[in-house]
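Okay, so here's the structure we're looking at.
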Amino acid sequence: PGVLAQLLGEGLVDYVAMDVKGPRFLWPATAGVEGHEDAMSESLRLVSRFPVYEFRTTVAPVVRGDGEISFLTVQEMSAAARLVVQATGSDAHKYYVQKFVPRKDGLLDKRLESFPETPPQLLQDIHQEVLKHLPNTQLRG
């Protein structure tokens, strides 16, 4: 958040896009780091103060505590949308729900490289639910 605050204060950025890695309780698993939840929430608040910005979440597979892998659920994405509203105090954000497309290298777990793309019906179901909290939500991808 410190860098974001500096960029905002000095007017050095034209556009900011922030990935929301699912609901807060999953951030350690989806972002790959632990202990930064408060900083991430503060970053949400700061990003919403830029003149032009977007929030986005990729409906990605998550390595669960038991080692199983499954996509973010409708309920988890609803919780992520509510978190954006709670952290920023507004529901008037540009928010994109994006499909996961597997790729080689750069993913948190090698098994995700061969995981399928997000099913279209899951994307539609999530979109309908997230719209209840963030009415400017669109599907991407």
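Below, the figures for the structure above:
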| quantity | calculated |
| --- | --- |
| Candidate set from the range 88-141 (those that are assigned to a helix (DSSP H, G or I) and modelled with pLDDT under 95); member that is most open to solvent (accessible area, probe 1.4 Å) | LYS110 |
| Residues within the range 25-36 that are open to solvent by 40 Å² or more (accessible area, probe 1.4 Å) and either in contact with a Cys (Cβ under 7 Å, 6 or more places away or on another chain) or closer than 20 Å to GLY2 by Cβ (or both), tallied | 4 |
| Yes/no for MET77 being within 13 Å of the chain's Cα centre (by Cα), open to solvent by less than 30 Å² (accessible area, probe 1.4 Å) and among the aliphatic types (A, V, I, L, M) | yes |
| Helices (runs of 4 or more DSSP H) (entirely within the range 1-87) containing at least 3 residues that are touching a Phe, Trp or Tyr at 6+ places or on another chain (Cβ under 9 Å) and farther than 25 Å from GLN121 by Cβ | 2-10, 37-47 |
| Test result for THR88, polar (S, T, N, Q) and closer than 28 Å to VAL3 by Cβ | yes |
| ARG49 in contact (Cβ under 8 Å) with a residue 24 or more places away in the chain and open to solvent by 30 Å² or more (accessible area, probe 1.4 Å) | yes |
| Test set (1) open to solvent by less than 50 Å² (accessible area, probe 1.4 Å); (2) touching a strand residue (DSSP E or B) at 6+ places or on another chain (Cβ under 7 Å) - VAL13 fails condition number | (2) |
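The values are calculated or read from the model by the stated rules, or taken from the named source; none is laboratory data. As the structure is a computational prediction, the values presented were derived from the model and not from experiment. Glycine gets a Cβ as well: all are built from the backbone with ideal geometry, and neighbour counts include every protein chain shown. Note: accessible area is taken over every heavy atom of the protein model, side chains too, but ligands, DNA and RNA are not part of it. Shrake-Rupley method; radii C 1.70, N 1.55, O 1.52, S 1.80 Å.
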